[in-house]
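A.B. asks: Provided herewith is a single structure, encoded as C-alpha cells, for subsequent inquiry.
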Amino acid sequence: MELNGGQALIKSLEMEGVEVMFGLPGGAILPVYDPIIDSPIRHILVRHEQGAGHMAEGYAQATGRPGVAMVTSGPAATNIVTPLCDAYMDSVPIVVITGQVGTAAIGTDAFQECDTTGITMPVTKHNWLVTEAQDIPRVVREAFHVATTGRPGPVLIDVPKDITDPKNPRSAMEWYWPESVDLPGYKPTVRGHPRMIREAARLICQAERPIIYAGGGILKANATASLVELAELTGIHVVTTLMGRGGFPDGNPLCLGMPGMHGNYTAVTSMQRSDLLVTLGARFDDRVTGKVSAFAPDAKVIHVDIDPAELGKVRRPDVPIVGDVRLVIEELVKAVRELGGRGAQADRAAWDAQLADWQRRHPLVDEQPDDGSVLKPQFVIETLRDATPDDTIVVSGVGQHQMWASQYWRFDNPRTWINSGGLGTMGFGVPAAVGAKVGRPDRMVWAIDGDGCFQMTAQELVTAASERIPIKVAILNNAYLGMVRQWQELFYEERYSEVYLSPDLPNYAMWAEAMGCEGFRVDTADDVLPTIEKANSIDDRPVVIDFRVDYKEKVYPMVPAGGSNDDIILDPSMGQGGH
Amino acid sequence: MADAKPVHHTLSVLVENKAGVLTRVAGLFARRGFNIYSLAVAPTDDERFSRITIVVDVESAPLEQVQKQLFKLINVVKITELAPDEAVERELMLVTVSAEPGTRGQVIELVQVFEGSIVDVGHDAVTVMLAGASDKLDDFEELMRAYGIVELQRTGRVALPKLERQAPRLRSVSGKVG
Ligand SMILES: Cc1ncc(C[n+]2csc(CCOP(=O)(O)OP(=O)(O)O)c2C)c(N)n1
Ligand SMILES: [Mg+2]
C-alpha cells in the first residue's frame, strides 16, 4: 500500500494505540494534519504549545499510557521545550512530534527553521530527525518503545515537510509496520540480580530502624500493590516523596507521608535516624536529602532503580539493584518470606514507638481562625479533600500551594497526584489537569493552583471549555508569588522584591467566565464548602474558584536550602519552636 | 598531591554510526560537568558502528557515573574501559619546527632518536610526524620548544585492549606486536 509520509505518521500512531493527541498546526506540519480528519484519533487543539506538552504529561501520568503532542517547527518546537524538560526530570513518557522545514532547506536559516533535535537533545531520552518517508513507521515504533520502557521519558520526532507533503515525490512510501525494534544500544535491565535481592532481604530482616523510601518509580512501575505487601510483611514504615505520593496509601498505618524540604517531622526525622533505607524508585533528590553529607548518617542503603546511573549518583548504596521496581519488590517479598517473613524481623518495638511518639508530638499543624478574619489555604485544601471522591485526581502548580496540597491531601490511590517535581514548572497545573481529565474522564479532576502559576497557562481553559473537558480549578490566591515571598521573608530580611501580584488584577472569576468556564470567588471560611459543592455539581464545563487566602501563611515544616535535615524548622506560630 | 598528574582514563565507546551521535556524546559530557581530555572518532570494520576513544579527566566525576550516563545514550552500544596498563595506547603528532641551517642537524637527530619521520621540508622549518604513547609525544614536544614550534597538531589517543589479558593463547604471537 502506497502512502505519503503524513498518512504514514498518523497510521503509525494508530498502530501504537494512540487515542488522543494534543497539538496546534502550522506550516511545516500541515501535511500531517490533513490525514487527522480521517483518523479515529481525537485531536485536542491547544492555545499554546506548552499546553500541549503538559497535557500529554498529565494524560500519561493519569493513565500510565504515553501522551502524544504534535506541533509545527521553529517557535512551536521551542514552545514545547519546557514540557520536554519537565517530562525528562520526572520520567514521564511523552512522544512529541515536530514539523521541520524540508530536508533541502535544513541548515539555510529557512523560515521557521530551528535546530529542534539539537535544542532538545539534553531534555529528551532520545530524539530523531527523520529524513526519509520510508523510515517513519520504524522511527515511530522506536520512539514509543524508548519512551515507555526502562526509565520512562520524553522523546521527540522531528519530521521535515518534504517527506510528508503529498505534492512532493519524496513523501511517497510503501506502508509497513515493523514487528520489533532493533536498537542494539538499548536493552533495559528489568530483573533484579538474585544475589543482591537475597542480600537486601537479609539487611531488611536485621535492621532495627528501617524505613522504606518510596519514590515516583513506584507509580511508573505500577508497584503499589507489591509495595503494600512488602511493607505489611515486614512491618516497615514508608515515606512517599513528592513524586511518589499515592504510590503507598496515606491511609495505611505504615505510611509516614512526605519527607524532604517541606516534609513532615516524622518522615524527615525517621530517615535521618534510620539504620536502613530501602530505597525504591527514588533518586536522593536534593529536596529530599538536604545537605547530602549530613543525610541519614547511620543508614545502610538498598537502592532499587531501573536506571543504573541513579545507583551511586548521590549516595553510594550498600546493595544496588538494577531492575523494574515492581518485579524487584515481588522477588524481595519472596526472599524475605524464605528468611522467615514477619517472624524473622529484628525487634523494632522501640523504633515503632519512637515513630508514633514523633507523629503524636509533631503533627502537621494549621488553624482556621473562627473570627473569619482570614482564610487559611490549608483549610481550603482540607475542605476540598473531604468534599471530593477518594479517587479524585489532584494536579498542582508549583509553589506554596503545591506543598500544602501534597501535605494535606490524603492520597489513597496511585496516579491521583500529578505535579511538576523535578523541574518545578509554574503553569504546569491547568494544562496537566486537562490532560489528566482527557485520560480519565470517569474521575473528578481538581487543579490546585497558585495565582502566579494560573496566569502562566490559564488560556488552556479555553481549550478545556471548547472541548468540553470539565476540569475544576482552585486558585489559592494569596496575591503573591508566595513561595518566593516566603524565602524573602525568611532569608532576605523581609525585603520583598518583585513578588506582589495583586488579588484583584486580573479578576479571576470574570476571566474564567470569559474563557467559557464557571467562575466563583470565595472570601470567607463559611463560603468554602458550599462553593466547592456547587463546583462539584457542574459537569458540562470547567469551573474556577478564586479563593482569597491569607498571604502571610508559610509552608512548614521547612529545611532551609542546603541545610541538614536535622535543622528542620517547625511552624513558629504554633509555639513549638525549632527543634 | 598538589602537583600530581591528573588521573586520566580511556574509554573505548562503540556507537551506532548515526547522524549526531558525536554531539550526543560531547553534549552529555558538557551538561553533566565531565571533562574530556582528548577524543578521537573513527569508523570500525563494521560500517554500522563507529568507535569513539575518549580520555576522561576523572577528577571531574567518578568514572563509574560517566560510564553509566554514557551508556544511557540510545546510540551507545558498548563501553570498554581501558586502564593504562591493560591497553595499548597511541597518539599521532604533526609538528612544524623551526630548523635554520645551524640547528637543522640537531632537530633531525632528535627525530631519529624518537623514531619519528620528517614529512615536509621548507627553507627554515621541517614538519615532523611522530606516533607513540602520549608521554613520549609530550617529551618530544618539550624538546622541540627550544627550537621553536611553528604549528602543532595532535590527534588524541586511540587505544585497544592488550591481547595478553584478553586471550592468553595469543601470548606466543604477541611478541610481534610488542
Ligand atoms: C516557570 C517558573 N518561573 C519561576 C519559578 C520560581 N517560583 C517558584 S514558586 C514561585 C511562586 C509561585 O507563585 P504562585 O503560583 O502564586 O504560588 P504560591 O507560592 O503563592 O502558592 C515562583 C516564582 C518557577 N518555579 N517556575
Ligand atoms: Mg500565590
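A.B. asks: Restricting the count to DSSP beta bridges whose residues both fall in the protein assembly as shown, what percent are antiparallel, rounded to a multiple of 5?
C.D. replies: 45 percent
A.B. asks: Can you give the helix-only mean residue ellipticity at 222 nm for chain A, where every DSSP H stretch with n ≥ 4 adds -39500 (n - 2.57) and the sum goes over all residues, rounded to the nearest 500 deg cm²/dmol?
C.D. replies: Value at 222 nm, helices only: -10000 deg cm²/dmol.
A.B. asks: Right, another one. For region A:177-243, which GluC sites (Glu not before Pro) are both in a DSSP coil and crowded by at most 11 other Cβ atoms within 10 Å?
C.D. replies: Answer in residue order: A:Glu179.
A.B. asks: I would also like to ask the following. Just to compare against my own numbers: the Cα pair-distance distribution for chain B, 5 Å bins, whole % per bin, please.
C.D. replies: In whole percents, the pair-distance histogram is 1, 7, 14, 16, 14, 14, 13, 11, 6, 3, 1, 0.
A.B. asks: Oh, and also: With a 1.4 Å probe and all protein chains kept in place, how much accessible area does A:Ser406 have, in Å² rounded to the nearest 10?
C.D. replies: About 0 Å², rounded to the nearest 10.
A.B. asks: Please enumerate, by chain and number, the lysines with C-alpha under 17 Å from the C-alpha of A:Lys552, excluding those fewer than 8 residues away in the same chain.
C.D. replies: Within the straight-line limit of under 17 Å, A:Lys552 reaches these lysines: A:Lys376.
A.B. asks: Hey, what does the equivalent ellipsoid look like for region A:18-118, semi-axes from the Cα gyration tensor as sqrt of 5 times each eigenvalue, largest first, whole Å?
C.D. replies: Three semi-axes, in Å: 23, 17, 10.
A.B. asks: By accessible area of protein heavy atoms, probe 1.4 Å, what ranking do B:Phe71, A:Phe295 get, highest first?
C.D. replies: Output order, biggest surface exposure first: B:Phe71, A:Phe295.
A.B. asks: Treating only the Cα positions of region A:479-577 as identical point scatterers, give the base-10 log of I(q)/I(0) from the Debye formula at each q in 0.16 Å⁻¹.
C.D. replies: -0.85
A.B. asks: Excluding residues fewer than 8 places away in the same chain, name every one of the lysines whose C-alpha is closer than 19 Å to that of A:Lys125.
C.D. replies: Once the sequence-local lysines are set aside, what remains near A:Lys125 is A:Lys187, A:Lys220, A:Lys313, B:Lys18, B:Lys68, B:Lys72, B:Lys78.
A.B. asks: Bin width 10 Å, origin at 0, all Cα-Cα pairs of region B:88-161: what percent of pairs per bin?
C.D. replies: 20, 56, 19, 4, 0
A.B. asks: Show which aspartates and glutamates lie in cross-link reach of A:Lys161 when reach means a straight Cα distance below 16 angstrom and same-chain residues fewer than eight apart are skipped.
C.D. replies: Candidates past the 8-residue exclusion: A:Asp34, A:Asp109, A:Glu113, A:Asp115, A:Glu132, A:Asp135.
A.B. asks: Between the helical axis of B:21-32 and the dominant principal axis of chain B, each derived from Cα atoms, what acute angle in degrees is found, rounded to the nearest 10?
C.D. replies: Approximately 80 degrees, to the nearest 10.
A.B. asks: With the calculation restricted to Cα positions, what are the radius of gyration and Dmax of region A:188-230 in angstrom?
C.D. replies: 11.9, 34
A.B. asks: Give me D for region A:377-555 in µm² s⁻¹, whole number, from Stokes-Einstein with Rh from the Kirkwood sum over alpha-carbon pairs, 20 °C and 1.002 mPa s.
C.D. replies: Here the translational diffusion coefficient equals 134 µm²/s.
A.B. asks: Let me ask something additional. Could you calculate the contour length gain from A:Arg360 to A:Leu505, that is, 0.36 nm times the residue separation minus the distance between their Cα atoms, to one decimal place in nm?
C.D. replies: The span from A:Arg360 to A:Leu505 would gain 48.0 nm if fully extended.
A.B. asks: For q values of 0.07, 0.09, 0.11 Å⁻¹, compute log₁₀ I(q)/I(0) with the Debye formula on a Cα-only model of the protein assembly as shown, without solvent.
C.D. replies: -0.60, -0.93, -1.23
A.B. asks: Could you pull out which residues in region B:45-84 have an amide N less than 20 Å from a spot 7 Å beyond the Cα of A:Glu179, following the Cα-Cβ vector?
C.D. replies: Inside the label zone: nothing.
A.B. asks: Report the Cα centroid-to-centroid distance between region A:317-395 and region A:78-146 in angstrom, as an integer.
C.D. replies: 39 Å
A.B. asks: Further question on the same structure: Averaged across B:63-73, how many Cβ atoms of other chains sit within 10 Å of each residue's Cβ atom?
C.D. replies: 4
A.B. asks: Moving on. Under the classification rounded if a/c is under 1.5, otherwise prolate if a/b is larger than b/c and oblate if not, where does region A:113-157 fall, given a ≥ b ≥ c as square roots of the Cα gyration tensor eigenvalues?
C.D. replies: Because a/c hits 1.5 or more and a/b fails to exceed b/c, region A:113-157 counts as oblate.
A.B. asks: Give the distance, in whole Å, between the Cα centre of region A:1-50 and the Cα centre of region A:147-162.
C.D. replies: 15 Å
A.B. asks: Taking a 1.4 Å probe, which of A:Tyr500, A:Tyr33, A:Tyr59, A:Tyr551 shows the most accessible area, and what order do the others take after it? Can you show the working numbers first?
C.D. replies: Working: A:Tyr500 140, A:Tyr33 30, A:Tyr59 10, A:Tyr551 95 Å².
So the residues, ranked largest to smallest area, are A:Tyr500, A:Tyr551, A:Tyr33, A:Tyr59.
A.B. asks: Now a separate question. Between A:Val314 and A:Asp386, what length in nm is gained on full extension when 0.36 nm per residue of separation is reduced by their alpha carbon distance? Show your work: numbers first, answer last.
C.D. replies: Details: separation 72, 0.36 × 72 = 25.92 nm, distance 3.86 nm.
Net length gain for the segment: 22.1 nm.
The values are calculated or read from the model by the stated rules, or taken from the named source; none is laboratory data. These numbers come from a predicted model, not from an experiment. With ideal geometry, Cβ positions are generated from the backbone for all residues, glycine too; neighbour counts draw on all protein chains shown. What goes into the accessible areas is simple: the full protein's heavy atoms, side chains included, and nothing from ligands, DNA or RNA. Shrake-Rupley method; radii C 1.70, N 1.55, O 1.52, S 1.80 Å.
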